[in-house]
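See structure below.
Bear in mind these aren't lab numbers, they're just calculated from the coordinates by the rules spelled out. Because the structure is a prediction, the values reported are computed rather than measured. Ideal geometry is used to build each Cβ from the backbone, glycine not excepted, and the neighbour counts take in all protein chains shown.
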Amino acid sequence: MSDESSAPHSVQKQNYKMPALLRGETVEEYNEKYGMYINPVTDTSKYKHIEGKEQIRVYVDGVFDMFHFGHARYIMQAKNMFPNTWVIAGVSAGTTTHELKGKTVMTEEERCESVRQCRYVDEVICPAPWVISKEWLLENKIDFHVQNPAPYPMGDNPDIFKPAKDAGMFLPVIRTNTVSTSDYITRIIAAYDTYLQRNLERGYSRHDLGITFLKEKRLEVRRRVEGVQSMINGMITDFMEYFYQPVSHRIVNFISPNCSDNEGEEAAGGPDLKKTKK
């Protein structure tokens, strides 16, 4: 672990809940990467409903399928909104999510358990409602709904976050645009056969993977062909390495017959010789 003088603690010294340190990362690199996600509420005078409260209860919500660092950064921002913040994470129900957004990779229970492991979460509601009303926030003693400020339309509703926004109970966060669950799924689909072959080699059956007998055999043929190609490439490489040095040495001697053996070997890319002591 880096010593205290080199460890990127500058944002942590203010008691912010931050990502783990990365060994070798400088203070500047750490702050450049994560500083933009620390935006505490400095002026609370316009939020009369939290006046005099020691602990502020904020609510984050989502599907959280294949929980990734974009989800964690979202919750991290909510955790650092106030000096004493209690973060409640709502995980959407499986049936509702499948109906409104599509099939998930993880089950409702798996998504819930993943969120529970996040270091920024204090409490989890699962299943959570898809649309959050002011009444629901008050009923659950939640002070703010923290979300991406962009309107989220659903059916005839142009923005499901509007109730919290109109009630002065909404706080925005910065979305991490470089990652999403859809991106990960796309990567897997793009290399579909590769991942099928990978899992077959690890003991999964074609029934587990939902593929036909013919597909399984095609993948088996592909694996064998790739194995033969790899073996041939290795043999060619070994052949070239074995004959390269003497053949290149003869070519250099033919071109420069007066060249000494040592000079010829060095010109041909052979091993360096020890310098002769004077």
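Per residue, how big is the convex hull around the C-alpha atoms of region 141-236? Give it to me in cubic angstrom, could you?
Working: hull volume 20.4 nm³, N = 96.
Per residue, the Cα convex hull of region 141-236 comes to 213 Å³.
Beta carbons within 10 angstrom, averaged per residue: use that to sort the peptides 185-192, 119-126, highest first. Walk me through the intermediate numbers first.
Details: 185-192: 10.6, 119-126: 16.4.
Top to bottom by mean Cβ count within 10 Å: 119-126, 185-192.
Below 12 angstrom from the Cβ of GLU220, what's the summed charge of the other residues (Lys, Arg +1; Asp, Glu -1)? Could the numbers behind the result be given before it?
On the way: positive: ARG206, LYS215, LYS217, ARG218, ARG222, ARG223, ARG224; negative: ASP193, GLU201, GLU216, GLU226.
Neighbourhood net charge equals +3.
What are the extents of the Cα atoms of region 60-202 along their three principal axes, listed from largest to smallest and rounded to whole Å?
Principal-axis extents of region 60-202 (Cα, largest first): 54, 37, 26 Å.
Given the Cα-Cα distance of SER133 and GLU201 and 0.36 nm per residue of separation, how much length would full extension add, in nm?
Details: separation 68, 0.36 × 68 = 24.48 nm, distance 4.95 nm.
The SER133-GLU201 span can extend by a further 19.5 nm.
Would you mind checking LYS17/LYS79; LYS17/LYS141; LYS53/LYS141; LYS48/LYS141; LYS79/LYS101 for any pair whose Cα atoms are more than 19 angstrom apart? Could you put the intermediate results ahead of the total?
Values: LYS17/LYS79 7 Å; LYS17/LYS141 23 Å; LYS53/LYS141 12 Å; LYS48/LYS141 15 Å; LYS79/LYS101 27 Å.
Distance filter (> 19 Å) returns LYS17/LYS141; LYS79/LYS101.
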